[in-house]
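Chemist: A single structure is presented below for examination.
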């Protein structure tokens, strides 16, 4: 989104890449844990926050602020992080917020039987 905003604001491809690197660096480590496999929780709110971050990244890039780590390297790291994450945290609705007691209850209310499993660290 930051790239599109830079483009719409008349920025250069270099500025678009700077905005991309800035925003993506701020999202590294994000898990994808849709409750009941639906985008309403927490994805919609995360997308809104991402849009806000994208606006900030495009402002920074258009102001001449550069990312110390190039866009291509940030994308590579984001891919590597995604590959190293447990599958329960990769849009499977089996971990993270989807595996909280409320997430499991909501899934059962919506679909009848929950897929998510409460992870040990949430119990303690």
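The numbers here are math on the coordinates, done by the rules we state, and not lab data. The structure displayed is predicted, hence computed values, not measured ones. Reconstructed Cβ throughout: ideal geometry from the backbone, glycine too, with neighbour counts over all protein chains shown.
Chemist: Return one number: the angle in degrees, 0 to 90 and rounded to the nearest 10, between the long axis of the Cα atoms of helix 13-25 and the longest principal axis of the Cα atoms of the chain.
Modeler: Value to nearest ten degrees: 30.
Chemist: If each residue of separation counts as 0.36 nm, what is the full-extension length gain between residue 9 and residue 65 once their alpha-carbon separation is subtracted?
Modeler: 18.6 nm
Chemist: Still on this model: Could the peptides 46-55, 92-101 be put in order, highest first, of the mean number of other beta-carbon atoms found within 10 Å of their residues?
Modeler: Highest to lowest by the protection proxy: 92-101, 46-55.
Chemist: Hey, another quick one. By how many degrees, between 0 and 90 and to the nearest 10, does the Cα long axis of helix 101-111 differ from the longest principal axis of the chain?
Modeler: 80
Chemist: How many nm separate the modelled label positions at residue 26 and residue 110, each set 7 Å beyond the Cα in the direction of the Cβ?
Modeler: Using points 7 Å along Cα→Cβ, the separation is 2.8 nm.
Chemist: If contacts are Cα pairs under 8 angstrom and at least 6 residues apart, what is the relative contact order of the chain in percent?
Modeler: 32
Chemist: Any idea how far the Cα center of segment 92-106 sits from the one of segment 35-76, in Å?
Modeler: 24
Chemist: Could I ask something else about it? Helix 71-84: angle to the longest alpha-carbon principal axis of the chain, degrees 0 to 90, nearest 10?
Modeler: Once rounded, the angle reads 10 degrees.
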